[in-house]
Amino acid sequence: MYITNRYSNRGDCSRTDRSSNLSIRFIDAVERLRFGYSKYRCIKSQRPANSLATGWCRLMDNRVLKVREILDLCWMKPIHVSDLAQRVDLSTAYLQHLFKRETGTSIRQFVMARRLTTAARLLKVSRLSVKEVCYRVGFGNPANFHRSFKGRYGVGPAVYRKSSEIL
């Protein structure tokens, strides 16, 4: 399963790739401060019967945490689930199952949400063209970017930018 276009370059992701774009690094830092990932996930339906605490929580699986860390570093690049599975020594199918069970979203949805959130912030704060924003957040095709953005926010990227300028 491919998270992005399977015909795009697979290239390794490294920290030098992230340092090339200051605005994306800044937005990334703000997101981490605002929505920092917790190692805990409350599971009310699986609470032990003898537990009196209403907010019983357990630690999230370490393999899922490692995948989230990798995705935090490489979300702008094409990432293959099979590569992620190899890094955490799991099969592709089981990694997808485990990630969905622990986070509530699939790996593809997780990366897509990250890209679209960053794109929306870039459209609000930068003067980059919509096409440049599309490529900076990891989309390989402006038409796919427009369709995904409109599906999430209800309007296209250009209209979103104009409406955020009015506010």
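The values are calculated or read from the model by the stated rules, or taken from the named source; none is laboratory data. As the structure is a prediction and not an experimental result, all values here were calculated from the model. Glycine also receives a Cβ, built like all others from the backbone with ideal geometry; neighbour counts cover every protein chain displayed.
Against the definition (surrounded by 18 or more Cβ atoms within 10 Å (Cβ to Cβ), within 30 Å of Ile166 (Cβ to Cβ) and modelled with pLDDT of 95 or more), how does Phe149 come out, yes or no? Yes: the conditions hold for Phe149. For the stretch 129-142, residues that are assigned to a loop (DSSP other than H, G, I, E, B) and either among the polar types (S, T, N, Q) or surrounded by fewer than 16 Cβ atoms within 10 Å (Cβ to Cβ) (or both) total 3.
Looking at the stretch 69-81 only, could you name the residues that are assigned to a helix (DSSP H, G or I) and either at pLDDT 95 or above or surrounded by 17 or more Cβ atoms within 10 Å (Cβ to Cβ) (or both)? Matches in the stretch 69-81: Leu71, Cys74, Val81.
Every residue, every condition in (1) in contact with a Ser or Thr (Cβ under 6 Å, 6 or more places away or on another chain); (2) of a type outside the set (A, V, I, L, M); (3) without any contact (Cβ under 8 Å) to a residue 40 or more places away in the chain, yes or no:
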| residue | (1), (2), (3) |
| --- | --- |
| Met60 | no, no, no |
| Arg63 | no, yes, yes |
| Trp75 | no, yes, no |
| Val81 | yes, no, no |
| Gln86 | no, yes, yes |
| His97 | no, yes, yes |
| Lys100 | yes, yes, yes |
| Ala113 | no, no, yes |
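Any chance the stretch 143-153 includes a residue that's assigned to a loop (DSSP other than H, G, I, E, B) and over 14 Å from Arg114 (Cα atoms)? No; the residues of the stretch 143-153 include none that is assigned to a loop (DSSP other than H, G, I, E, B) and over 14 Å from Arg114 (Cα atoms).
When Ala113, Ala119 are checked against the criterion of being within 23 Å of Asn62 (Cα to Cα), small (Gly, Ala, Ser) and assigned to a helix (DSSP H, G or I), Ala113 stands alone in meeting it.
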